[in-house]
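Student: Take a look at the following structure, please.
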Amino acid sequence: WGSAVVLSRWLLDRGGQGPLAAARRAVELGSGCGLSGITAARYACPALTRLVLTDYNATTLGNLAHNLAANGLSEGGVASVAAVDWDDEASYPA
């Protein structure tokens, strides 16, 4: 999505400074390929200790896990992938 590129660029332009630099936890809702969340974790939010990338489609979730690993944020570390169904509140991350 075009908005992911714009948000990622915005995060990069801040270079890990400002209020986002102190963020400890983040959830990206409807992550798609995970560009914005990965950018935040790798470059813009150095204090992040937990990042959850969410989506619904099984293929998309597999791609998210692959992209985390390719960017050094593999499952079980700072970042993880979660299936979220907007019609099922039980699926929302804690």
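The values are calculated or read from the model by the stated rules, or taken from the named source; none is laboratory data. Note that the structure is a prediction, hence the values are computed from the model and not measured. So basically every Cβ, Gly included, is an ideal-geometry build from the backbone, and we count neighbours across all protein chains shown. Note: areas computed on protein heavy atoms with side chains; ligands, DNA, RNA excluded. Shrake-Rupley method; radii C 1.70, N 1.55, O 1.52, S 1.80 Å.
Student: Averaged per residue, what accessible surface does the chain expose to a 1.4 Å probe, in Å²?
Tutor: Details: 5740 Å² over 94 residues.
Using a 1.4 Å probe on heavy atoms only, each residue of the chain averages 61 Å².
Student: Students often check this: by mean Cβ neighbours within 10 Å, which of 13-26, 57-70 ranks highest, and how do the rest follow? Working shown, then result.
Tutor: Values: 13-26: 12.7, 57-70: 15.6.
So the order, starting with the most tightly packed, is 57-70, 13-26.
Student: Would you mind checking which residues have amide H under 5 Å from Cys45's amide H? H placed 1.01 Å from N; only 5 or more apart, or other chain.
Tutor: For Cys45, whose amide H was placed from the backbone, there are no distant partners under 5 Å.
Student: How many percent of the accessible area of the chain is carbon or sulfur, using a 1.4 Å probe?
Tutor: Carbon plus sulfur share of accessible area: 55 percent.
Student: Measure off 7 Å from each Cα along the Cα-to-Cβ vector at Glu89 and Arg14, then give the distance between these two points in nanometres to one decimal.
Tutor: 3.0 nm
Student: Right, another one. Going by the alpha-carbon gyration tensor, a ≥ b ≥ c the square roots of its eigenvalues, is segment 1-50 rounded (a/c under 1.5) or, if a/c is not under 1.5, prolate (a/b greater than b/c) versus oblate?
Tutor: On the way: a/c = 2.34, a/b = 1.31, b/c = 1.79.
Verdict is oblate for segment 1-50.
Student: Using a/c under 1.5 as the rounded threshold, could you call segment 46-94 rounded, prolate or oblate? The axes a ≥ b ≥ c are square roots of the C-alpha gyration tensor eigenvalues, and prolate needs a/b larger than b/c, oblate otherwise. Each step should come with its number before you reach the end.
Tutor: Numbers: a/c = 3.24, a/b = 1.40, b/c = 2.32.
Here segment 46-94 falls in the oblate category.
Student: Further, regarding this structure: For the full complex of protein chains and a 1.4 angstrom probe, list Leu11, Leu29 by accessible area with the highest value first. Write out the running numbers ahead of the final one.
Tutor: Working: Leu11 15, Leu29 105 Å².
The ranking, largest first, comes out as Leu29, Leu11.
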